[in-house]
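Read the structure below first, then the notes.
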Amino acid sequence: MLSTLTSLLLILPLLAAGLVALSPERLSKWIATAATLVIFAVSIAFAWSFTGWTDGSIAPRELGLSIMPSLGVNLSLGADAVGAMLILLTTFLMPLAMIGSFTAVKEREREYYAWFLLLQAAMLGVFLARDAIVFYTAYEFTLVPMYFLIAIYGGAERRAASIKFFLYTFFGSVLTLSGVIYIAAQNAAAAGSAWSFDLATLADFASTKLSPTQQYWVFILLMSGFAVKVPLFPVHTWLPLAHDQAPTAGSVILAGTLLKLGTYGIYRIALPAAPVGVVELNQFFAILCIIGIVYTALICWVQHDAKKLIAYSSVSHLGFCMLGLFSLNSIGATGSVMYMINHGLSTGALFLCIGMIYERYHTKDMDQLGGLFKRMPVWSFFMVFFTLASLGLPGLNGFIGEFLCLMGCFTAEPHSVSGYPGVLGPWYALVAGSGLVLAAMYLLIMLGKLVWGPLKEPHGHDHGHGHGHGHDHAAHSDSGLPTDLSAREVGILVPLAVVCLAIGFFPKPMLTAIAPSVDQTLAKYPKLVEQYAHDGSLIKPTTAKDPRVAMAQPSSDK
Amino acid sequence: MIELASLSTAALHLPAILGEGAHAVTIPSAIASPEFAWAGLILLLPAISAALCGLCAAFGVKSKLPGAITAISLIAAFATTLSLYLKMPADAPRVVHLFDWIDFSWKTGGATWTQFLAPFSLYIDSLTLLWMLFVTGLGSLIAIYATEYMEADTGKGYARFFGSVSIFLFAMGSLVMGGNLILLYLGWEGVGLASYLLIGYYYNRPSAVAAAKKAFIMNRIGDLGLALGVFLIWINYGTLEYDGIFKALAHTADPASGASWSAAMIPYCLMLGAFGKSAQIPLFVWLPDAMEGPTPVSALIHAATMVTAGLYLIARTYPLFALEPHALTVVAIVGCSTAFVAATIGMAQYDIKRVMAYSTVSQLGYMFLGLGVGTTFGAVYHVFTHAFFKALLFLCCGAIMHGMAGQLDLRKMSGLRNVKGFGVISWTFLIGCLCLAGFPFTAGFFSKDSIIAQAFASGNPTFVTLGWLALLTAFLTAYYTFRVWFRVCGGPTKYEPGDEMHGHDDHGHDHGNGHGHGHGHDDHGHGHAAHGNHEWHPHGPRLAINGVLLVICLGAVLAAVPAYMAMRGEANWVETMVQHSSAALPSAEHGHGGEHAHHALSFTGIEDVHKATSVVASTVGILGILIAAYFHLLNRSAADKLRQALLSNSLTRWLPLAMENKWYVDEVYHVVFRFPASVLGHVFHFIDKHVIDGFVVNGGARVPLEVGRLFQPLYNGALQGYAATMAGGIALIAAWVFWIWLHGS
């Protein structure tokens, strides 16, 4: 049952994409919506019968289809609790993104919805992969639909944005692939030329058999791709541009799920495979996270474009998420996984809100828009609600992840009284914590401009005496939308708001599902961290001087 | 059950500032009491009310229904609190588990499981009950008052207003009743949210939007401190539940051994949170601006309840503060300085609501002083009395505003006591002023004195100095309070209406839109204020407002009853409540009086330091009132002359200017923090766009292309062009930095 549902999760979006591509233009959006809803239902059934909720194990465990027997590549599908949650997030956001596109996309609809379904298939593939090649293929394949979605349906600079998005993340992931292949090759050499790309096998091999120096470099290779995807400072610059230019639904999925491919990759591959590298570079990456938090928060502060502001805030927020993960203790890592889910919900919702404004006013410029509460109280309610979720107000979803991430970082000090050693500590958390204050600043400035204050609308926009009679900018046909949100739009935002509130008050099922998975992932770390705190390095001084020498003879250990 | 509890009571050692021979205080272990699960109604009722108000807003209810819903549910919450108070045995705190909230466990790399537990549970002891009684009680009264006060907004902001008030009561309940620090944090930020929504209620006014933002951000700085404190508590005690912390403290707390740095930092972090929420130096500037909100909100949130959350936090975690010898001293110094500075600003304000706002900051300072010098009873008693009389003062200001078309300038109103319909306001206002000024035998007099007396009684030279400063502040308080009353209610009857912006909530809403299309809008609710000035009449309040004023006035008077009980040798009710909670002190501070036969106030010839303080404090208070009477009732021109005299003398002119301009604290913040941060933001944005993305990324992408072209362009004369471009670029950057500097942010 479970393995059937698992396969369906991958097959259905592919089938639906084909169906949409062949369907008449007019029906495409309905077919896509129906398909995503069905997939959501399947994912609920999947979650219902999923067996990994309580013990952190990967389910189902059946071996899948063998694709390349000579290389040991299997199409094995399965997820642990973290993957399962990200699957639910993806399938939940997708129908909302589809319905949210009804009025925004008027041309080449069929293609649009087909790309989205392909994108969904690819993302689910990443979260379901138990094989490194399947993982990588799906991971890379997400780029293609997203590229077309930005390049065809994006804003004025869509070409530059789509190319940069594609090349930047592609370049990063090639390095990741080389890291994976390196591990696999070492494994094959050790096992007598029998190749395997099973993620668990590779991780087990790499973490136990590779030398510290090898792990160090493997980690750097793996992170090169994942860090771009997350994105970490300073490899984040593709994101604001891509968000700015992507269509609304593209931004929702980009922020909601695509960025999580990076964090999930780190969680699922880098942390288990290269613990020595993780610990060795822990402080370095934590500092990058913290710089990213503060630096992008300050950039958010001076943005004029609401969508860019939220895009930059994603970089800042994911800094928190990664900081929690890199604190290498259960509090931080559990918080980090919570953060992955909740950032997807609240930021996705914020992009939807901004998209609704864009459809009405054809601008996202906060200097041209203001005081919309007067015009659109319903929209304003949701905007305020999701902004509060985004700034981590307790009682809404964002808080728990953020609080735990910071707490994990804070308690991760070498001589922690509490017995959770780590190599970060209070100073890291203190600087990162300033991000809480800065987030309040830039998000409330955004609310202060967009929602509150005297009403300001772009010149030429008619002042709301009955919205029907024509806009004067002839370039845009009237979207036919009411002044305030339509029932369809409210229908998109309400489920998101309900989920945000529910997670805020009842996070326990999620936490108890995440904790065992985190427990397994981190099992190796306390010892390494202690050793690192004691010796100052896990790489022996002789090799540490020039790690490249060690790289030249990788198999010298055995 | 009870025997068991007393066996496992936690014995805490309190520090040396409380005098020699301070013996262990015992905090009984909490008893899990599912039978009190109905106490959850105190949180549930406002939550339901908030949801219903939301529905009213969604369905565009045009009646006063949201107000009625809120008032009824708050009254019900008050009734629940009252019956909880009556039914709960006083032997030990009760813990009521409502539902699981944050709960997960792990055993990473070890054999034992560690649990992170923050259930949605209530910790109920007498401190909780005391706080909740006045929070829900005043909340109900002010909600009733607001049903009339906000009526001009019926069908517009009405539901939003009452929904926010309900959210506030829910959050405040979680803050006070929550059984762990994370739940306290939920309430902590929740009240911040309610405050944000309500300060910014008149969203059409940019100043209100800015004030709301400022309040939230300032509080966030404090919240960060609180969060860090929570982390430290977790590191040190492995639990975030009060009961667990007190138990852990009983095993580890020994002042002689000295705490680790991480335990020693706890009170300072918590303090930062408390100072943010309770508007103390250096985070006090948001509170005066918060007066942009509707007046009932100022009374409820920004005077009586929310701003006392910082006090509650310290009182609740007092055993943690007691571990670190200097922590309470810092609290005392900060509190007393805030009290003094805010009083000096309050003296020079013309907006009566702002005077009251600064006096709130100042009185909160007194309360922190009380906590710092070691009289939790005095501090909490002052919280209690202040809640009544300050709410009363604000509601009076609101009623005046309501009746005078938003007039708040004390120079433009006079003799209101003789205006028809303003009788109740004037005389209840007087009683509130007497309490605030510390007039003998009023509630404020007793509570303030118990704080100042303790400062003198402690014998600690720092505290004695603070005691003198507190006495000086008491004098200033009496002066500025009666400056308001004599100006507004005393003297000949004379008034002019306000600009109708404030009072009626929302005639002003459309003004920002220009006149072109403003007139057709339905929210131009024309009331009396729309008439021309020549036919304008002030209108007195009706039943809801007058009734609530009288009831709260009665409360303010009756708040003195516990002190009278103490004078008759009975137990002071508030003191009993405090002594049965985690804020308990080792020995009743009254005992000290006799021991310090020679104290700082010995010149009065009174041996008992409490009596001496009472005499001195009433003297300075009455002196302040008399001086106010001279300058603002009998000889008003003298006040202006004095100001002119000070301004014309170059040596003294800084004094009135600094006081009128709030000691330039906002400006200092701007220069020290906002401006540099905004420049950094622009610089980072520039770096991001042009250096990281433009130069490194795009440049990197161009490397292959450029390598090919490397040898071509050297001879085409473009070099000069590049040089010119570079110079131009540098000039542009310089101009741009200058532009930012000119424009602030």
Here is a list of conditions, (1) within 7 Å of another protein chain (Cβ to nearest Cβ); (2) in contact with a Lys or Arg (Cβ under 6 Å, 6 or more places away or on another chain), and residue A:370 meets all of them except one; can you say which number that is? (1)
Within 12 Å of chain A (Cβ to nearest Cβ), over 21 Å from residue A:443 (Cβ atoms) and not charged (D, E, K, R): which single residue out of B:246, B:231 fits that description? B:231
Any residue at all in region A:286-298 that is under 16 Å from residue A:217 (Cβ atoms), touching a residue at least 12 places away in the same chain (Cβ under 8 Å) and either assigned to a loop (DSSP other than H, G, I, E, B) or away from chain B (no Cβ under 14 Å) (or both)? no
Any chance region B:35-47 includes a residue that's closer than 27 Å to residue A:484 by Cβ, within 13 Å of another protein chain (Cβ to nearest Cβ) and at pLDDT 90 or above? yes
Return yes when residue B:117 is surrounded by fewer than 19 Cβ atoms within 10 Å (Cβ to Cβ) and more than 14 Å from chain A (Cβ to nearest Cβ) and no when it is not. no
Within region B:664-687, can you find the residues that are exposed (fewer than 12 other Cβ atoms within 10 Å of the Cβ) and among the aromatic types (Phe, Trp, Tyr)? B:673
Can you name every residue in region B:100-130 that is of a type in the set (Ser, Thr, Tyr) and more than 22 Å from residue B:238 (Cβ to Cβ)? B:126, B:128
Exactly one condition in (1) over 16 Å from residue B:434 (Cα atoms); (2) crowded, with 17+ Cβ neighbours inside 10 Å; (3) not basic (Lys, Arg) is false for residue B:617; which is it? (1)
Quick one: residue A:394 ticks every box in (1) of a type outside the set (Gly, Ala, Ser); (2) touching a residue at least 40 places away in the same chain (Cβ under 8 Å); (3) facing another protein chain (nearest Cβ under 10 Å); (4) surrounded by fewer than 23 Cβ atoms within 10 Å (Cβ to Cβ) except a single one, so which number is it? (4)
Identify the single condition in (1) surrounded by 21 or more Cβ atoms within 10 Å (Cβ to Cβ); (2) within 27 Å of residue A:154 (Cα to Cα); (3) of a type in the set (D, E, K, R) that residue A:106 does not satisfy, given that it satisfies every other one. (1)
Output yes when any residue across region B:214-224 is part of a helix (DSSP H, G or I), at pLDDT 90 or above, among the polar types (S, T, N, Q) and within 14 Å of residue B:278 (Cα to Cα), and no when none is. yes
Residues to consider are A:70, A:57, A:66; find the one that is assigned to a helix (DSSP H, G or I), at pLDDT below 85 and either surrounded by fewer than 20 Cβ atoms within 10 Å (Cβ to Cβ) or in the same structural domain as residue A:350 (by TED's automatic domain parsing) (or both). A:70
Residue, nearest to residue B:241 (Cα to Cα), within region B:173-182, restricted to residues that are more than 10 Å from chain A (Cβ to nearest Cβ) and part of a helix (DSSP H, G or I): B:181
Picking from A:312, A:339, which residue would you name as being surrounded by 24 or more Cβ atoms within 10 Å (Cβ to Cβ), within 12 Å of chain B (Cβ to nearest Cβ) and either outside any helix (DSSP H, G or I) or out of contact with any His (no Cβ under 6 Å at 6 or more places or on another chain) (or both)? A:312
Where a residue in region A:46-63 is over 8 Å from residue A:80 (Cα atoms) and its partner, wherever it lies, is at pLDDT below 85 and assigned to a loop (DSSP other than H, G, I, E, B), with Cβ under 7 Å and at least six apart: A:49/A:1; A:63/A:76
Scan region A:125-144 residue by residue and report those that are assigned to a helix (DSSP H, G or I), out of contact with any strand residue (DSSP E or B) (no Cβ under 9 Å at 6 or more places or on another chain) and buried (at least 24 other Cβ atoms within 10 Å of the Cβ). A:126
Looking for something farther than 30 Å from residue A:332 by Cβ and more than 14 Å from chain A (Cβ to nearest Cβ) - is there at least one such residue anywhere in region B:159-168? yes
Only residues that are at the interface with chain B (Cβ under 10 Å from one of its Cβ atoms), surrounded by fewer than 20 Cβ atoms within 10 Å (Cβ to Cβ) and under 30 Å from residue A:386 (Cα atoms): list them for region A:486-541, please. A:490, A:505, A:506, A:508, A:509, A:512
Matching residues, region B:183-213, being part of a helix (DSSP H, G or I) and more than 9 Å from chain A (Cβ to nearest Cβ): B:184, B:191, B:194, B:195, B:198, B:199, B:207, B:211
Which of the residues that make up region A:106-146 are out of contact with any Pro (no Cβ under 7 Å at 6 or more places or on another chain), closer than 30 Å to residue A:485 by Cβ and aliphatic (A, V, I, L, M)? A:114, A:123, A:146
With (1) over 23 Å from the mean Cα position of the chain (by Cα); (2) in a helix (DSSP H, G or I); (3) small (Gly, Ala, Ser) as the list, and residue B:405 as the residue in question, which single condition is left unmet? (2)
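The values are calculated or read from the model by the stated rules, or taken from the named source; none is laboratory data. Quantities reported herein were computed from a predicted structural model and do not represent experimental measurements. All Cβ positions, even for glycine, are placed from backbone atoms using ideal geometry, and neighbour counts span all protein chains on display.
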